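Contents: one structure, followed by commentary.
The values are calculated or read from the model by the stated rules, or taken from the named source; none is laboratory data. Remember, it's a predicted structure, so these values are computed and weren't measured experimentally. Methodologically, a virtual Cβ is constructed for each residue, glycine included, from the backbone with ideal geometry; neighbour enumeration extends over all protein chains shown. Accessible surface areas use protein heavy atoms only, side chains included; no ligands, DNA or RNA. Shrake-Rupley method; radii C 1.70, N 1.55, O 1.52, S 1.80 Å.
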Amino acid sequence: GGPGPGPAEQCGPADLCSPFDEWKMPFEVRWAPPIGVPSPGRVCIVVGDTGGTAAPVRKCFSVVVDRCRYCVTATETLESIGRRFGADWLQIYMANPDIRNPDAPLDGRPGVAPTEPRMINVGVVYTVKAGDYLDKLAERFLVPLEDIYKYNSDMRPDALLMPGTSLCVLPPACKVKCLYGRDCYLF
């Protein structure tokens, strides 16, 4: 294939600007989406040589970002992830029943190389039902309405909430009191 589009041009409908199978040098791209970014997303990279002998090549591809999921790096803890998401570490721990010891390294899974990423939940995914309203869901899950918007950045205050829509919710794990298993409130 010929040179790809210039920096100001967009990739075509196929999102392919240069055949990667012709490239001989391996490379790795790491990208961390902002909190609450909707899915699917589109990411484009521009690659060129530093000598300027070849035109830059642009490659675009779709990225699916699962709601309420986070890729842990080797140095992170439940506490640092909680800080990143504005949550208590216990909220993250409660959303991950497979984490048996909250003090153990999060990447220390038997039979898996420690450098392999591990996906964890940072909250729960709620599927909207007919008759749901964001303010009522915030009240039900004991979270500020602003948090629902924060973790679901594709939600707009004036948008109609459609049944079947998935929402990421980080309900509190501490300071909650319920009367007879119902009528819960923060204390």
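Pairs meeting the criteria (first residue in segment 144-164 and loosely packed, with under 12 Cβ neighbours inside 10 Å, second residue in a loop (DSSP other than H, G, I, E, B), beta carbons under 9 Å, at least 6 apart or on different chains) are 162/128; 163/128; 163/129; 163/130; 163/131; 163/132; 164/128; 164/129. Residue 43 falls short on exactly one of the conditions (1) under 25 Å from residue 156 (Cα atoms); (2) at pLDDT below 75; (3) open to solvent by less than 60 Å² (accessible area, probe 1.4 Å), and that condition is (2).
Does residue 15 fit the bill of being modelled with pLDDT under 60 and touching a Phe, Trp or Tyr at 6+ places or on another chain (Cβ under 8 Å)?
Criteria met by residue 15.
Annotation note: Cβ proximity below 6 Å between a residue of segment 121-134 that is in contact (Cβ under 8 Å) with a residue 12 or more places away in the chain and a residue that is open to solvent by 70 Å² or more (accessible area, probe 1.4 Å) (sequence gap 6+ or interchain) occurs for 128/163; 129/163; 130/163.
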